[in-house]
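Enquirer: One structure follows; several queries about it will come next.
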2 protein chains.
Amino acid sequence: MTSHPDLTKNQTLVLKTLDKAEAPLSAYTILDRLRDDGFRAPLQVYRALGKLQEFGLVHRLESINAFVACCQPHGHRHEMTAFAICRTCGKVDEFSDTAVEERLGEWVRAHRFKPAKTTIEISGDCADCTAHDPG
Amino acid sequence: MTSHPDLTKNQTLVLKTLDKAEAPLSAYTILDRLRDDGFRAPLQVYRALGKLQEFGLVHRLESINAFVACCQPHGHRHEMTAFAICRTCGKVDEFSDTAVEERLGEWVRAHRFKPAKTTIEISGDCADCTAHDPG
DNA sequence: AATCGGAATGTAATACCATAACATTTCCAA
DNA sequence: TTGGAAATGTTATGGTATTACATTCCGATT
Ligand SMILES: [Zn+2]
Ligand SMILES: [Zn+2]
Ligand SMILES: [Zn+2]
Ligand SMILES: [Zn+2]
């Protein structure tokens with residue numbers, strides 16, 4: 001469930017589009033799916049996506065230039081969320097791992113590095129797709 | 001040191017450009033720096049970068065659409081290399097952590113996920129830049 | 001030496017991703 | 001009521017990456 005009290009009209013439309021989608025969507029794909037709702041320009045999508053990311057309701061997948069709705073309960077921590085992305089069907093699993101978080105935290109402390117955003121994305125093939133096509 | 005026996009002319013030029021650079025470079029920046037060497041089109045750069053990535057001599061930083069020369073000895077493992085990227089000066093630290101690798105490995109095993117490429121990038125500010133600008 | 005074929009290269013065109021700049025509207029608090 | 005911040009609409013532009021096709025390079029084979 002990904003509702004939010006203070007979403008604007010455009011933000012709501014974009015979030016609903018991502019919720020309905022079975023796979024990550026590019027900003028331009030979202031734009032196309034919202035033409036009938038009055039969307040005309042990429043910036044309408046990017047602005048909504050920006051706010052939704054601030055709220056923690058949407059994540060950007062850096063390795064594929066696409067966006068997904070957060071599947072976790074609203075308000076969950078996002079400091080070090082990891083994503084497993086299926087190249088075949090597009091399914092995305094979002095997960096966190098305390099040990100990974102701690103190890104990377106140790107590295108940045110040891111190197112006096114001040115982290116702002118951490119990206120962890122595993123691209124590959126999910127169990128279903130591997131089963132269907134045992135390549 | 002990042003020499004390689006079988007590099008072609010274009011691959012050598014691109015790798016040298018990345019070696020000389022103090023920060024990650026975009027493909028188009030590389031193109032500009034190689035105009036005098038006869039480079040004319042983006043594809044010349046992308047093709048060389050593709051091969052260099054295959055050889056493990058160059059890495060793509062997904063979160064900033066840029067490329068760096070590998071700083072590790074040639075032939076080192078790259079299954080789960082992590083990068084700390086300074087937003088201010090561009091310095092990149094490449095490192096590996098066995099524990100991180102194991103934890104992510106456990107997740108993929110548990111979920112029968114078949115990983116192809118893992119991206120770990122920490123964006124932030126390095127020690128030097130934090131010291132200079134204690135913000 | 002001639003020839004064959006795969007790899008690399010050259011070039012133009014196109015597709016895809018993201019933001020700048022500016023005008024207008026909405027909405028809420030003072 | 002009104003002032004101002006936030007959101008929206010619109011156009012133009014800039015940055016990133018690939019498709020498609022022609023050509024050249026180079027080593028293996030004959
Ligand atoms: Zn999330
Ligand atoms: Zn799949
Ligand atoms: Zn490396
Ligand atoms: Zn720095």
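Enquirer: Pull up the range A:106-135, narrow it to residues that are small (Gly, Ala, Ser) and more than 19 Å from B:Ser63 (Cα to Cα), then point me to the one that is nearest to DNA strand D (Cβ to nearest atom). Spell out the reasoning first.
Expert: Our first condition is that a residue be small (Gly, Ala, Ser); within the range A:106-135, this holds for A:110, A:116, A:123-124, A:127, A:131, A:135.
Cutting the leftovers down to more than 19 Å from B:Ser63 (Cα to Cα) gives us A:110, A:127, A:131, A:135.
Details: A:Ala110: 31, A:Ala127: 26, A:Ala131: 27, A:Gly135: 20 Å.
That would be A:Gly135.
Enquirer: Could I ask something else about it? Looking at A:Arg47, A:Arg87 in this structure, which one is among the basic types (Lys, Arg), over 24 Å from B:Thr98 (Cβ atoms) and assigned by TED's automatic domain parsing to the domain that holds A:Ala21?
Expert: Just a single option satisfies the conditions, and that option is A:Arg47.
Enquirer: Let me ask something additional. Regarding A:Glu62, is this residue within 14 Å of the chain's Cα centre (by Cα) and exposed (fewer than 15 other Cβ atoms within 10 Å of the Cβ)?
Expert: So A:Glu62 fails the test.
Enquirer: State which residue is farthest from B:Ala127 (Cα to Cα) when the search covers only the range A:79-102 and only residues that are at the interface with chain B (Cβ under 8 Å from one of its Cβ atoms) and surrounded by fewer than 19 Cβ atoms within 10 Å (Cβ to Cβ).
Expert: So, considering only residues that are at the interface with chain B (Cβ under 8 Å from one of its Cβ atoms) and surrounded by fewer than 19 Cβ atoms within 10 Å (Cβ to Cβ), the one farthest from B:Ala127 (Cα to Cα) is A:Arg87.
Enquirer: Sort out which residues of the range A:24-43 are surrounded by 15 or more Cβ atoms within 10 Å (Cβ to Cβ) and within 25 Å of A:Gly75 (Cα to Cα), and write them in order of number. Steps first, answer last, please.
Expert: Applying the first criterion (surrounded by 15 or more Cβ atoms within 10 Å (Cβ to Cβ)) to the range A:24-43 yields A:24-25, A:27, A:29-31, A:33-34, A:39.
Hits for the range A:24-43 are A:Pro24, A:Leu25, A:Ala27, A:Ile30.
Enquirer: Would it be correct to say that B:Asp19 is within 11 Å of chain A (Cβ to nearest Cβ) and charged (D, E, K, R)? Give the derivation first.
Expert: Details: within 11 Å of chain A (Cβ to nearest Cβ): no; charged (D, E, K, R): yes.
In short, no.
Enquirer: What's the number of the condition B:Arg40 fails, among (1) of a type in the set (Lys, Arg); (2) within 16 Å of DNA strand D (Cβ to nearest atom); (3) assigned to a loop (DSSP other than H, G, I, E, B); (4) under 16 Å from the mean Cα position of the chain (by Cα)?
Expert: Of the numbered conditions (1) of a type in the set (Lys, Arg); (2) within 16 Å of DNA strand D (Cβ to nearest atom); (3) assigned to a loop (DSSP other than H, G, I, E, B); (4) under 16 Å from the mean Cα position of the chain (by Cα), the odd one out for B:Arg40 is (4).
The values are calculated or read from the model by the stated rules, or taken from the named source; none is laboratory data. If you're wondering where the values come from, they're calculated on a predicted model, not measured in any experiment. Heads up, the Cβs are rebuilt from the backbone with ideal geometry, glycines too, and the neighbour counts pull from every protein chain shown.
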